[in-house]
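Student: Let me begin by handing over the structure; questions about it come next.
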Amino acid sequence: MAADEKNADEREAREIPIEGCEGDENAEAEAVTEAAEEAAAGPAEGEADDIAAEAEAVVAEAERLAKAEAEAAAMKDRYLRLQAEWDNYRKRTAEEAADMKVRAAEKIMEDVLPVLDDFERAIAHAEQNGEEGLLDGVKAISTKVCQVFGKHGLEAIDPAGEPFDALEHQAVATVPDESVPDETVAQVYQKGYRLGKKVLRPAMVTISSGGPKREAEEE
């Protein structure tokens, strides 16, 4: 009987629970279970929205960069095309200008050739018949030359008796003359020439001095 009581006491002693052990194990199990459920459920709703927004922003930025790169490539291609077109235009206009210059010179030379022929004929006539009539021939040739160059816009500046003009005349000397207004062209040493409105060469002249001042309306 005493032995049975002793065995019963030992069984009770072995079955006495340790305080806190069973509760801790349950808490850990619940925590593991919750973590597993959260992992299975994925991120919270707010976090998912943030991730989605960031992803959309990254995609939008990538699209913007791609668009900018495409526009830059298109602008570069357009610039290169315009540069090539400008180079071609510049070369073409330079060639056209050179060609026009050659054609203009050819036209002038064609008009001058008959004058050269006249000079040769006048020289040959003077050699065969003496100098008789040579002066008249030279005068005729000079007139023809003036007509040829006048056809191409060349005008002689022969200002004898006209008021002095510093834009078209070059004074090389002064002569006293009280009979004409001051600074009147007295003599033309060398004619000048203008082409259109441009003075190619001013006339070399002498001008009067000592005469009355030229009136403003005459100027």
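Student: Which numbered condition in (1) in contact (Cβ under 8 Å) with a residue 40 or more places away in the chain; (2) of a type outside the set (D, E, K, R); (3) in contact with a Gly (Cβ under 9 Å, 6 or more places away or on another chain) is the only one that A122 fails?
Tutor: Condition (1) is where A122 drops out.
Student: Still on this structure: Out of L195, L167, I need the residue that is of a type outside the set (V, I, T), outside the structural domain of Q147 (by TED's automatic domain parsing) and at pLDDT below 90. Which one?
Tutor: Result of the check over L195, L167: L195.
Student: While we're looking at this one, here's another question. Based on what the data block shows, is V115 out of contact with any Gly (no Cβ under 9 Å at 6 or more places or on another chain), assigned to a strand (DSSP E or B) and touching a residue at least 24 places away in the same chain (Cβ under 8 Å)?
Tutor: No.
The values are calculated or read from the model by the stated rules, or taken from the named source; none is laboratory data. The model shown is predicted, which means the values in this text are computed figures rather than measured ones. Note that each Cβ is placed from the backbone with ideal geometry, even for glycine, and that neighbours are counted across all protein chains shown.
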